[in-house]
Amino acid sequence: MKILWLTWKDRKNPLAGGAELVNEELAKRLVKDGHEVIFLVAGFKGAKTEETIDGYKIIRLGNRWTVYWQAFRYYQKNLRGWADLVIDEMNTIPFFAKFYVKEKNIILSYQLCREIWFYEMFFPLSLIGYLLEPIYLFFLKDRIVLTESESAKIDFQKYGFKKENVFVFPVGLESKPITEQELLGQKKQTSPTILSFGSIRPMKKTMQIIQAFEYAKERIPDLKLIIAGDSNSNYGQKVLEYISKSKYQKDIEYLGRVSQEKKIELMQKCHLICVASLKEGWGLIVTEANSQGTPAVVYNVDGLRDSVKDNITGFICEHNTKKDLADGIIEILKNKNLYEKYRLNAWKDSFNYNYDESYKIFKEIINKNIINL
């Protein structure tokens, strides 16, 4: 089969995240099964216009804002009628493939944005995006949707999508979980250490993690915080300025963007990972940390309540406040038995997530409901 995949980012894009990793792991397996896959994505500084990776082709067009129009034009000129299936990935904004492609088409969306517009966009674009989302969802509600969590499925149903048309497939992990022997012999940092990992953006609420750390440090004097992620934004600069003025500055380490190898090292060495996002599709970073022997303290929001099993694999805040986040950190780190329970359960749970299983279910959904792959 020939599959055309419309999405605004590929994995090499500096703004890429967990969604792009999932996409290209699935694409790699589609190609291995004998299918052809072409991605139409946005260009970025220094990017090649076209390249083939693991057998799938990436064609980069325009930029973050023009890719939707450029993809339409490129399809009309070069790919009209080529594909057997078109995947319209709605990462904030859909490509509206339903209205111009001849082929069978589906929606892939890891999360809906609605309130995120107010955190990530300037006014009045934030208000426009917030008001437009329910409108374009109305016109797409007859589509079959693939998503990665039950929270996201419920979100789609709120906007009129039929329950039987929204399908959930599990996420996978880029790195294998550590072995039981490695888990039992694992040596964490000398001092209790919290990890905040990912791009430093308003919707990730990194500032609240820092403030929760400051609260918790009053009760755990040797507590430390490590922050890893891109700070190349106005919010990122505010966060760095806040750190420089914190009375606990010497116990906060900012690393910037790090390699995959360093990420794994941090997840193995730190005691907890904290995630305070406004919402997530799943919370892949949580499951990755779990696989390396590190449980999580998270806000009770879409995606994170899916990736953490409360009081089993980690701690979900009752109220999404920095004080609640701090209370969770204190409760876990001051109770060795509770910490070890979370650590073991989180590690065991991570074995449920791998890309072979993810691909198997992804393919089953498409085979049963759309087209035989």
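Derivation of every value follows stated rules applied to the coordinates shown; laboratory data play no part. None of these values were measured; they are calculated from a predicted model. Neighbour counts run over all protein chains shown; Cβ positions are idealised from the backbone, glycine included.
Considering amide H positions built from the backbone, and no H for Pro or chain starts, which residues 5 or more places from residue 61, or on another chain, come under 5 Å of its amide H?
When sequence neighbours closer than 5 places are left aside, the close amide H contacts are 41, 42, 43.
Using Cα positions and a limit of under 19 Å, work out the aspartates and glutamates in reach of residue 48, with same-chain residues fewer than 8 apart set aside.
10, 20, 24
From zero up to wherever the largest Cα-Cα distance of the range 180-350 sits, split into 10 Å bins and tell me the percent of pairs in each.
With 10 Å bins starting at 0, P(r) equals 11, 44, 38, 7, 0.
Provide the per-residue ³J(HN,Hα) series for the range 307-321, in order, calculated from phi with Karplus coefficients 6.51, -1.76, 1.60 and θ = phi - 60°, each as a whole number of Hz, with x at glycine and proline positions.
The phi angles translate into 7, 10, 9, 4, 6, 10, 9, x, 10, 9, 4, 6, 10, 7, 10 Hz.
In the chain, if the dipole is taken from +1 on Lys/Arg beta carbons and -1 on Asp/Glu beta carbons about the Cα centre, which of 326, 154, 138 is farthest to the positive end?
The Cα lying farthest towards the positive end belongs to 138.
Calculate the length of the line joining the C-alpha centroid of the range 233-276 to that of the range 284-319, in whole Å.
18 Å
What is the Cα radius of gyration of the range 120-261 over 2.2 N^0.38 Å, N being its residue count?
It is 1.41.
Pull up the cross-link candidates among the lysines for residue 250, meaning alpha carbon to alpha carbon under 16 Å and not fewer than 8 places away within one chain.
Within reach: 217, 224.
Ranking request for peptides 121-128, 26-33, 297-304, 89-96: highest mean number of other beta-carbon atoms within 10 Å first, then the rest in descending order.
Highest to lowest by the protection proxy: 297-304, 89-96, 26-33, 121-128.
For the chain, compute Rg over Rh where Rg is the Cα radius of gyration and Rh is the Kirkwood radius from the inverse mean 1/r over Cα pairs.
0.97
From the convex hull of the Cα coordinates of the range 36-165, what is the mean projected area in square nanometres?
Averaged projected area of the range 36-165's Cα convex hull equals 8.9 nm².
Would you please give the FRET efficiency between residue 36 and residue 165, computed as 1/(1 + (r/R0)^6) with r the Cβ-Cβ distance and R0 = 25 Å, to the nearest 0.05?
According to the calculation, E is roughly 0.40.
Under a Cβ-only charge scheme (Lys and Arg +1, Asp and Glu -1), can you give me the dipole magnitude of the chain about the Cα centre, in debye to the nearest 20?
Using Cβ point charges on Lys, Arg, Asp and Glu, the chain gives about 600 debye.
Here is the link list: 104/153; 2/263; 12/187; 263/348. Which ones come out longer than 24 Å on Cα distance?
The answer is 2/263; 12/187.
Do any GluC sites (Glu not before Pro) in the range 206-298 lie in a DSSP loop with no more than 11 other beta carbon atoms within 10 Å, and if so, which?
Here the GluC sites (Glu not before Pro) that fit, given the DSSP loop and packing criteria, are 218.
Taking every DSSP beta bridge with both residues inside the range 1-149, roughly what % is antiparallel (nearest 5)?
20 percent
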